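S.K.: The structure follows.
Nothing in this text is a laboratory measurement; each read-out follows from the coordinates by a stated rule. This structure is a prediction, so every number in the text was calculated from the model and none was measured. All Cβ positions, glycine included, derive from the backbone under ideal geometry; neighbour counts span all protein chains shown.
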Amino acid sequence: MRIAIAVTGAVLLLAGALATALGLGAFDAFGAPSDRPLLDPALVRFADGAGWFLPAAAGAAELLALAGQLWLVLQGRTLVHQRWPDLDGETRVRARAAGADLDRDVRALPGVEDVRVRLTGTADRPRLLLNVSCAGDTLVGEVYGELGAGPVERYRRALGMPDLPVVIRFRPVFARPRRRRPQPEPA
């Protein structure tokens with residue numbers, strides 16, 4: 001989804017830059033397109049004959065702009081709840097203490113190299129995000145089973161949230177092959 005949004009944004013940015021350049025006369029060497037009317041004369045005649053056309057086009061543009069603004073607000077709200085969960089102070093303190101224990105317990109599992117623990121969401125819908133980096137040859141199924149049976153369950157009990165949803169993302173970490181430095185040729 002991010003790629004589609006980035007491509008759409010790039011196309012719209014390019015179209016805006018071209019329209020600005022056209023309006024400023026950057027393409028006048030090709031026959032002064034900035035002197036021509038903005039709308040095609042056939043479209044102007046149609047709009048004059050149909051009194052509903054321009055208000056309908058303006059209404060559609062307003063609805064599209066409103067939908068875009070609503071989407072941006074929702075994305076911002078989601079981002080804020082990921083960074084700063086909407087939880088009371090006591091729960092945050094317990095989450096911080098339990099998070100340190102969870103981090104230590106997960107790192108002790110065989111094959112786990114790194115872990116990031118984050119409690120996100122709202123007071124009504126909190127969730128736990130675990131990003132676990134494992135060695136490339138680690139059996140992820142075994143790590144997943146040990147996580148659910150031990151450290152995650154202890155974290156839930158420490159917070160007093162037995163039904164806390166947990167999202168676990170695994171990322172394999174492969175050892176980088178070392179480059180051999182070329183040896184100088186003997187003279």
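S.K.: Between residue 142 and residue 42, what FRET efficiency comes out of the Förster formula 1/(1 + (r/R0)^6) with R0 = 41 Å and r the beta carbon distance, rounded to 0.05? Working shown, then result.
M.R.: Numbers: r = 69 Å, r/R0 = 1.69.
FRET efficiency, residue 42 to residue 142: 0.05.
S.K.: Does segment 89-173 classify as rounded, prolate or oblate by the C-alpha gyration tensor (a ≥ b ≥ c root eigenvalues; a/c under 1.5 gives rounded; else a/b over b/c gives prolate, otherwise oblate)?
M.R.: prolate
S.K.: For Rg and Dmax of the Cα atoms in Å, the choices are [x] 16.4, 54; [y] 28.6, 90; [z] 51.1, 178; which was calculated from the structure?
M.R.: The listed entry that was calculated here is [y].
S.K.: OK, next. Restricting to DSSP H runs of at least four residues, report the calculated mean residue ellipticity at 222 nm for the chain, -39500 (n - 2.57) per run over all residues, nearest 500 deg cm²/dmol.
M.R.: The per-residue figure over the chain is -18000 deg cm²/dmol.
S.K.: Quick one: of the DSSP bridges fully inside the chain, what percent are antiparallel, nearest 5?
M.R.: 55 percent
S.K.: Given 17, 49, 5, which one lies farthest toward the positive end of the charge dipole of the chain, if we put +1 on the Cβ of every Lys and Arg and -1 on the Cβ of every Asp and Glu?
M.R.: 5
S.K.: While we're here: Within the chain, which whole H helices from DSSP have a Cα span along their axis of at least 15 Å and a mean Kyte-Doolittle hydropathy of 0.0 or more, if any?
M.R.: 2-23, 53-83
S.K.: Also, quick follow-up: What residue among 76, 68, 16 shows peak mean-square fluctuation when the chain is described by a Gaussian network model with Cα springs under 10 Å?
M.R.: 16
S.K.: Also, quick follow-up: Could you tell me the relative contact order of the chain? Use alpha-carbon pairs under 8 Å, at least six residues apart, and round to a whole percent.
M.R.: Computed value for the chain: 15 percent relative contact order.
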